[in-house]
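S.K.: Please see the structure below; I have some questions.
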Amino acid sequence: MRRTLIAGNWKMNGSLESIGELMDGIKAGLAEVTNADMAVCPPAIYLMKVKSHIGDAAIGLGSQNICDQESGAFTGELAPAMLKEAGCKYAIIGHSERRSLYGESDDLVARRFAMAVASGVTPILCIGETLEERESGVTEQVVSRQLDAVIDTQGIDAIGQCVIAYEPVWAIGTGKTASPEQAQAVHAFIRSKLAALSVDVADKVQILYGGSMNAANAAELLSQPDIDGGLIGGASLKAADFLAIGKAA
Ligand code: PEP
């Protein structure tokens, strides 16, 4: 049985003051979230601060990226060992904003993935099609290509050590959510693609949905058989909304 994971991607939002308030709010309502694991992915500069806010609460910590190298002359990057030291359990990898705004290729995403797995940080591997790709009918080819970049270099067993986030790019931050049927169809496709290589990996890997998930639409999305949680952007910045998504699981 796959456990539900609700992970908040705070993107480049917050301040020392606001993250304290957000974490206090999340911790205050956490006991009411009984069917999901919760995680937060703050901006890198706040990781250690958020870790101290988490204390011994059952909230996973994640980064929004991870370097494909161990250490050295890689200005602006985050070494896997540093993320481990800061207490990160997860690292978001290949978010569409990294791919489209900062030119991250499938190959680079696969290298970041490899480094995360090798360091004991669980990758949250983001994949998904643009609106143009969906309208051209190539959604499955796009998510296949993005997955194959990892599978071809790391092998199918590496997928068993990650979380996949299917995030249709047209639904991220736009308020346009994929319908539960649209999301389920792609999740089922992803799982069947993995099952062709390993039934065990396909059965156990958590596949999250991301793209304008909120307190109002979470229950229906999360009730789909192949949707194992959510990667939440905007709605993770308000404790009440984030907790409501957790409670909807
Ligand atoms: C995201 O950034 O991963 C995301 C899903 O954002 P939003 O929930 O705001 O669409």
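The values are calculated or read from the model by the stated rules, or taken from the named source; none is laboratory data. Note that the structure is predicted; figures quoted are calculated from it, not measured. Every residue, glycine as well, gets a Cβ built from its backbone with ideal geometry; the counts of neighbours run over all protein chains shown.
S.K.: Does Ile66 count as crowded, with 24+ Cβ neighbours inside 10 Å and part of a loop (DSSP other than H, G, I, E, B)? Steps first, answer last, please.
M.R.: Values: crowded, with 24+ Cβ neighbours inside 10 Å: yes; part of a loop (DSSP other than H, G, I, E, B): yes.
Criteria met by Ile66.
S.K.: May I ask you to say which residue of Ala178, Ala248 is buried (at least 18 other Cβ atoms within 10 Å of the Cβ) and at pLDDT below 95?
M.R.: On the way: Ala248 fails: at pLDDT below 95.
Matching residue, one of Ala178, Ala248: Ala178.
S.K.: Right, something else. How many residues are surrounded by 18 or more Cβ atoms within 10 Å (Cβ to Cβ) and among the small types (Gly, Ala, Ser) if we restrict to region 20-43?
M.R.: Going through region 20-43 one residue at a time, the tally reaches 2.
S.K.: Please count how many residues of region 188-202 are in contact (Cβ under 8 Å) with a residue 12 or more places away in the chain and over 14 Å from Gln161 (Cβ atoms).
M.R.: Initial filter on region 188-202 (in contact (Cβ under 8 Å) with a residue 12 or more places away in the chain): 188-191, 193-194, 197-198, 200-201.
Narrowing further to those that are over 14 Å from Gln161 (Cβ atoms): 188-191, 193, 197.
Count: 6.
S.K.: What's the number of the only condition in (1) modelled with pLDDT of 95 or more; (2) under 27 Å from Ser18 (Cβ atoms) that Asp157 fails to meet?
M.R.: (2)
S.K.: Further, regarding this structure: So which of Ala240, Ala249 ends up being over 15 Å from the mean Cα position of the chain (by Cα), touching a residue at least 60 places away in the same chain (Cβ under 8 Å) and under 18 Å from Met1 (Cβ atoms)?
M.R.: Among Ala240, Ala249, only Ala249 is over 15 Å from the mean Cα position of the chain (by Cα), touching a residue at least 60 places away in the same chain (Cβ under 8 Å) and under 18 Å from Met1 (Cβ atoms).
S.K.: OK, next. Within region 94-133, can you find the residues that are of a type in the set (D, E, K, R) and within 17 Å of Leu78 (Cβ to Cβ)?
M.R.: First, the residues of region 94-133 that are of a type in the set (D, E, K, R): 97-99, 104, 106-107, 111-112, 129, 132-133.
Of everything in region 94-133, those that are of a type in the set (D, E, K, R) and within 17 Å of Leu78 (Cβ to Cβ) turn out to be Glu97, Arg98, Glu104, Arg111, Arg112.
S.K.: Looking only at strands (runs of 3 or more DSSP E) that fall completely inside region 84-187, which ones have 3 or more residues that are within 14 Å of the ligand (Cβ to nearest atom) and within 17 Å of Asp228 (Cβ to Cβ)?
M.R.: On the way: elements: 90-93, 122-127, 163-166.
In region 84-187, the matching strands (runs of 3 or more DSSP E) lie at 122-127, 163-166.
S.K.: Let me ask you something else. Kindly indicate whether Ser212 is in contact (Cβ under 8 Å) with a residue 24 or more places away in the chain, hydroxyl-bearing (Ser, Thr, Tyr), on the phi > 0 side of the Ramachandran plot and surrounded by 15 or more Cβ atoms within 10 Å (Cβ to Cβ).
M.R.: On the way: in contact (Cβ under 8 Å) with a residue 24 or more places away in the chain: yes; hydroxyl-bearing (Ser, Thr, Tyr): yes; on the phi > 0 side of the Ramachandran plot: yes; surrounded by 15 or more Cβ atoms within 10 Å (Cβ to Cβ): yes.
The answer is yes for Ser212.
S.K.: When you scan region 198-249, how many residues do you find that are within 13 Å of the ligand (Cβ to nearest atom), out of contact with any Phe, Trp or Tyr (no Cβ under 8 Å at 6 or more places or on another chain), hydrophobic (A, V, I, L, M, F, W, C) and not in a helix (DSSP H, G or I)?
M.R.: Summing the residues that are within 13 Å of the ligand (Cβ to nearest atom), out of contact with any Phe, Trp or Tyr (no Cβ under 8 Å at 6 or more places or on another chain), hydrophobic (A, V, I, L, M, F, W, C) and not in a helix (DSSP H, G or I) in region 198-249 gives 3.
S.K.: Taking interchain pairs and intrachain pairs at least six residues apart, which have beta carbon atoms under 8 angstrom, with the first residue in region 90-101 and over 13 Å from Gly210 (Cβ atoms) and of a type in the set (S, T, N, Q) and the second within 12 Å of the ligand (Cβ to nearest atom) and modelled with pLDDT of 95 or more?
M.R.: Ser100/Val169
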